[in-house]
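Encoded as structure tokens, the structure appears first; notes follow it.
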Amino acid sequence: MDSLTQIVLGAACGEAVLGKKIGNKALLFGAIGGTIPDLDVLVGSWLYGNEIDAMLFHRGFMHSILFSILAAIILGWLTYKLYNSGKRRNSTTLKDWISLFFWSLFTHPILDCFTPYGTQLFAPFSNYRVALNNIAVADPAYTFPFLVCMIALMFFKRTSLKRRFLLKTGIGISSVYMLFTFGNKLYIDSVFRKSLKESHISATRFSTQPAIFNNILWYGIAETESSYYVSDYSLMDTKNSFLDFKKVSKQRDLKPSDYKDIKDLAWFSNQYYSVYKLGVNEFEYNDLRYPLLDLDNPNTSVFSLTLYEDGNRLNMKPFKPKFESLGDIINTLWIRIKGI
């Protein structure tokens, strides 16, 4: 999920493990641990000269279970040696610090697994991307109550029962909301199946996910032998159905057999994608797992990449959103969320 959410969850892990011993410092160290996996964005840019390789490195090994274990041991040992000295000697144990970093590191990729982006939880042994698609990468309903509780508990002494109550409240509210999104996902999938049947679309598979910032408006894509069909549905809609499916061509102006980079991007997109030729040496890659800003235009995917030939490979230009104003997007979302 977004960086703020991961910081809040990491801070909660730090508080749960070491809050009684070191107070607000536990929040800080937990927040650091919760941020570390996403540093793979920087590491990928250092390791690779190709932007596609760098992008695919994100949510790879540094989001795996193995990395959580190894990094927790290393960071726990280093922090224990640096922190547990002088007046603070014997105030904490090595086990405390390893536990703090493990939980703050491990909960990061686990939380990311709930989003549509996908997380290579079992790397390097498997490149399978776990993506449960039940919550958006940013959802204020999950983050805000959790954040309020974490800020509030900072004002109480480390031994205060109110501090522990606020920690449990923050974790409890966010967990209950996460359970709601799971239930909502199951409901949405049932609605989508029914809608496909009513629209006489024989799909070989489909995928649904919530739109950004909420769990009310959902986007769905179904695959047939020759094309995709996309639609959206709000829980506030008057009809209990995904309506007005739009047909999207399986455009493949570049194929996996042409470039391994297309094969890798197709894997990343779980094979929901299109590639359009833009001009000389330029192509547009659309990850169709993500909503279209305009359902009538297949080239308005929220996750769209501009590719170009670079020697015997493909490379990509820096990602740029297809909208000019975040405010306009939020306004458009709000109008659609209210239902039709």
Chymotrypsin sites (Phe, Trp or Tyr not before Pro) in the stretch 290-337 lying in a DSSP loop, each with at most 15 other Cβ atoms within 10 Å of its Cβ, come to Phe319, Phe323
Calculate how steeply helix 65-83 sits against the longest principal axis of the alpha-carbon atoms of the chain, using the helix alpha-carbon long axis, and give the answer as 0 to 90 degrees to the nearest 10.
-> 30
Carbon and sulfur atoms: what percent of the 1.4 Å accessible area of the stretch 7-58 do they account for?
-> 70
For the stretch 265-336: rounded, prolate or oblate by the Cα gyration tensor [a/c cutoff 1.5] | prolate
Determine the share of the stretch 141-215's accessible area contributed by carbon and sulfur atoms, expressed in whole percent, with a 1.4 angstrom probe.
-> 71
Where a ≥ b ≥ c are the square roots of the eigenvalues of the C-alpha gyration tensor, would you call the stretch 189-340 rounded, which needs a/c under 1.5, or, failing that, prolate if a/b is larger than b/c, or oblate?
-> oblate
Give the residue from Leu161, Leu179, Ser195 lying farthest towards the positive end of the charge dipole for the stretch 148-201; charges sit on Cβ (+1 for Lys and Arg, -1 for Asp and Glu) and the dipole is referred to the Cα centre.
-> Leu161
Rounded, prolate or oblate: pick one for the stretch 91-176, where a ≥ b ≥ c are the square roots of the eigenvalues of its C-alpha gyration tensor, a/c under 1.5 means rounded, and failing that, prolate if a/b is larger than b/c, else oblate.
-> oblate
Quick one: Kirkwood hydrodynamic radius for the chain, alpha-carbon pairs, angstrom, one decimal?
-> 21.8
Ordering Met316, Met154 by the accessible surface of their heavy atoms, 1.4 Å probe, largest first, yields Met154, Met316
Restrict the search to the stretch 1-96; then list the trypsin sites (Lys or Arg not before Pro) that DSSP places in a loop and that have at most 11 other Cβ atoms within 10 Å of their Cβ.
-> Arg89
For the stretch 182-248, what is the accessible area per residue in Å², given a 1.4 Å probe and the full set of protein chains?
-> 46
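How about the stretch 220-325: which GluC sites (Glu not before Pro) there are in a DSSP loop, with at most 15 other Cβ atoms within 10 Å of their Cβ?
Glu225, Glu324
The values are calculated or read from the model by the stated rules, or taken from the named source; none is laboratory data. All values reported here derive from a predicted model rather than from experimental measurement. Positions of Cβ are backbone-derived with ideal geometry, glycine not excepted, and every protein chain shown enters the neighbour counts. Heavy atoms of the whole protein, side chains included, go into the accessibility calculation; ligands, DNA and RNA do not. Shrake-Rupley method; radii C 1.70, N 1.55, O 1.52, S 1.80 Å.
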